[in-house]
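The values are calculated or read from the model by the stated rules, or taken from the named source; none is laboratory data. The model shown is predicted, which means the values in this text are computed figures rather than measured ones. No Cβ is skipped: glycine too gets one built from the backbone with ideal geometry, and neighbour counts run over all protein chains shown. In case anyone asks, the SASA skips ligands and DNA or RNA and just uses the protein heavy atoms, side chains included. Shrake-Rupley method; radii C 1.70, N 1.55, O 1.52, S 1.80 Å.
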Amino acid sequence: MTSNKSTGAGAAGTEILNFIGGEYRKGGGRLFENYYPATGQVHAHVHEASREDVDLAVGAAKQALKGPWGRMSVAERLTILRKVADGIQARFDEFLRAEIMDTGKPRSIASHIDIPRGGANFNVFADQIASLSTEAFQSATPDGAGAINYAIRVPRGVIAVICPWNLPLLLMTWKVAPAMAAGNTVVVKPSEETPATAALLGEVMNAAGVPAGVYNVVHGFGADSAGEFLTSHPDVDGITFTGETSTGEAIMRAASNGVRPVSLELGGKNAGIIFNDADLAKAIEGTGRSCFANTGQVCLATERLYVQRGIFEEFCAKLTAQAKSYRFGDPFNPEVTMGPLVSDIHRQKVLGFYEKAKAEGATILCGGGTPDVAGFENGYFVEPTLWTGLPQTSEIVTNEIFGPCAHISVFDDEEEVVGLANNSPYGLATAVWTENLSRAHRVASQIDVGIAWVNSWFLRDLRTPFGGSKKSGIGREGGNHSFEFYTELRNICIKL
Ligand code: NDP
């Protein structure tokens, strides 16, 4: 079934369909409800893909590898990818509305980050693949004639793309764009909470001339649903996943069947480190964003703060003032700066941590409950919350909460704070605030993470390696690093 109206543009009553082989299709599974987090109302119904639908999608993707996509020159592919970027831009308002209805995130965030980056990913990876080089060697042979070895990069094949709900279009295209640039085909399983923009992108792909079967979307849940059907499918050649660490472990187990490679971007419990000599105004502004942006639902968000003793009291007071300055309300109002959490279940989880902190005797600097949001009484809002006074063993300090909250601890010297920051099974990101260049370098290089910022947070250059250490992931994506996963090197040896 093909439809322009029913793909997920966010209008009330919308039906969100699977996109398989270039066409929108109902699924053989359930019809499940999709909620607008700002009101708790159902805003769309989603067609769950059955095992047969996933089979069709993977089959379409496999077939497309043999068709025009597989035979296209890099230059032709890149022209199409740039049209996809232009297509997202041309339908900016539809993508914006779809993302806001699915996530409840404020327009001020979605219009500056999610949708622009969703489009930019296609241009960035088109640029990257256009200048990708490989290695070559001249070799000696016993007869003196010599040989030349050179490597080419070939697409891996059908890539399963499993993505979370916090930055749906951005994180999905972060994988789809390099996969397609490298000549692969994809089957995307968006989070069940946020299926709309992935579905809408199918229309843009068709309009840009992407051949049928190159980009497919199947909706549903994880275990015993589309997620598991996809990751366990024998014709999937690689799995790229962003989400929780425990889900990553399940996906790795599925990938081991058939020895398929995985790229995993997982959870974090990131430390922010603020030294006495930091530029305090900048540290407060940046740290505030790192704790509260997107209602704390960012894998790179800071949930553990370590502040040096000399500025501890002042820092706590000023960050508390910043936490209290956020404005709740209608996500479509450009003045609103904090939206709800993505779902009622997630809100219960975050509020559970708020209760636990109280029960453990934390000093609550601000928040700890739910705000009154006039006109949005049934939305999944929670207050930005800051605590002090808990031991490092508390679950508040050790577990990823994924809400607008952080615990602040005091420290005295560099060695101590490096130990505290590294005392975590996660290793995704850190932010170090100091005006001492040598200290900045010393500390940033000692924290076991994939990304260390100095005097900034979320300052991203998409050519740089992105990923986590320890339980925060396997592999690096971004720039040419993405092609380590989305291509395979094939060495060709020519005897001269
Ligand atoms: P989840 O791990 O719950 O879900 C991610 C995706 O995996 C969803 O599409 C989910 O489907 C699917 N899924 C769940 N179980 C399975 C399974 N057994 N097989 C296949 N697919 C499955 O993560 P969230 O959506 O809750 O996202 C939040 C998490 O993502 C946080 O831990 C956060 O830190 C992490 N994250 C990491 C980033 C990074 O770059 N390191 C970036 C952004 C987020 P469904 O939801 O429909 O059940």
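Rank G243, N270, N257 by how far each Cα sits towards the positive end of the charge dipole of the range 193-313 (+1 on Lys, Arg Cβ; -1 on Asp, Glu Cβ) and give me just the farthest. Working it through, the farthest residue towards the positive pole turns out to be N270. Projecting label points 7 angstrom from Cα along Cα→Cβ for N276 and E314 puts them 1.1 nm apart.
Of all chymotrypsin sites (Phe, Trp or Tyr not before Pro) in the range 129-184, which ones are in loop regions per DSSP and have a Cβ with at most 13 other Cβ atoms within 10 Å? Walk me through the numbers on the way to the answer.
On the way: sites: F137, Y150, W165, W174; in loops: W165.
Nothing satisfies the criteria.
Between the amide H of E488 and those of V154, R156, distances stay under 5 Å, these residues lying 5 or more places away or on another chain, with hydrogens modeled in the peptide plane.
For the Cα trace of the range 142-211, dividing Rg by the Kirkwood Rh returns an Rg/Rh value of 1.28. Charges were assigned to the Cβ only: +1 to each Lys and Arg, -1 to each Asp and Glu. The resulting dipole of the chain about its Cα centre is roughly 1120 debye. Placing +1 on the Cβ of every Lys and Arg and -1 on the Cβ of every Asp and Glu, with nothing else charged, gives the range 131-230 a dipole about its Cα centre of roughly 180 debye. For the range 401-454, the set of GluC sites (Glu not before Pro) satisfying both a DSSP loop assignment and a count of at most 14 other C-beta atoms within 10 Å is given as E435.
Accessible area per residue for the range 350-481 is 42 Å², calculated with a 1.4 Å probe on protein heavy atoms, without ligands, DNA or RNA.
What FRET efficiency, computed as 1/(1 + (r/R0)^6) with R0 = 45 Å and r the Cβ-Cβ distance, is obtained for D235 and K356, rounded to the nearest 0.05? Present the calculation step by step, with values, prior to reporting the outcome.
Values: r = 44 Å, r/R0 = 0.99.
The value I calculate is 0.50.
Solvent-accessible area assigned to carbon and sulfur over the range 118-188 amounts to 53 percent, based on a 1.4 Å probe. If the chain linking E135 and V259 were pulled fully straight, counting 0.36 nm for each residue of separation and taking away their Cα-Cα distance, it would gain 42.0 nm. Per-residue ellipticity at 222 nm computed for the chain from its helices equals -11000 deg cm²/dmol, with DSSP H segments shorter than 4 residues left out and the rest contributing -39,500 (n - 2.57).
A Förster distance of 45 Å, applied to the separation of the beta-carbon atoms of A223 and E285, puts the FRET efficiency at 0.65. Put simply, the Cα atoms of the range 332-397 extend 40, 23, 15 Å along their principal axes, the longest span coming first.
So what's the net charge close to G157: Lys and Arg +1, Asp and Glu -1, counting the other residues with Cβ under 14 Å from its Cβ? Summing Lys/Arg as +1 and Asp/Glu as -1 gives +3. Dipole of the range 361-485 computed with +1 at Lys/Arg Cβ and -1 at Asp/Glu Cβ about the Cα centre; of F458, C405, F381, farthest Cα towards the positive end is F458.
Solvent-accessible area per residue for the range 82-196 at a 1.4 Å probe radius, Å²?
For the range 82-196, the solvent-accessible area averages 33 Å² per residue.
Could you please state, rounded to a whole Å, how far the C-alpha centre of the range 261-290 is from the C-alpha centre of the range 141-194? Between the Cα centres of the range 261-290 and the range 141-194 lies a distance of 29 Å. Please express the Cα-Cα pair-distance distribution P(r) of the chain as a list of whole percents, one per 10 Å bin, running from 0 to the bin with the greatest distance. Calculated over all Cα pairs of the chain, the distribution is 4, 19, 28, 25, 15, 6, 2, 0, 0 percent. Backbone phi angles across the range 138-148, fed through the Karplus curve with coefficients 6.51, -1.76 and 1.60 (θ = phi - 60°), yield HN-Hα couplings of 8, 10, 7, 10, x, 8, x, 6, x, 8, 10 Hz in residue order; Gly and Pro are listed as x.
Note on S469: accessible area approximately 30 square angstrom, rounded to 10, probe 1.4 Å, nucleic acids and ligands left out. For T302, what residues show an amide H to amide H distance below 5 Å, using hydrogens built from the backbone and excluding near sequence neighbours? It is C291, by chain and number.
Taking Cα centre as origin and charging only the Cβ of basic (Lys, Arg, +1) and acidic (Asp, Glu, -1) residues, the dipole magnitude of the range 172-294 rounds to 160 debye. Farthest towards the positive end of the charge dipole of the chain, among the residues Q322, G29, G427, is the Cα of G29, using unit charges on the Cβ of Lys, Arg, Asp and Glu.
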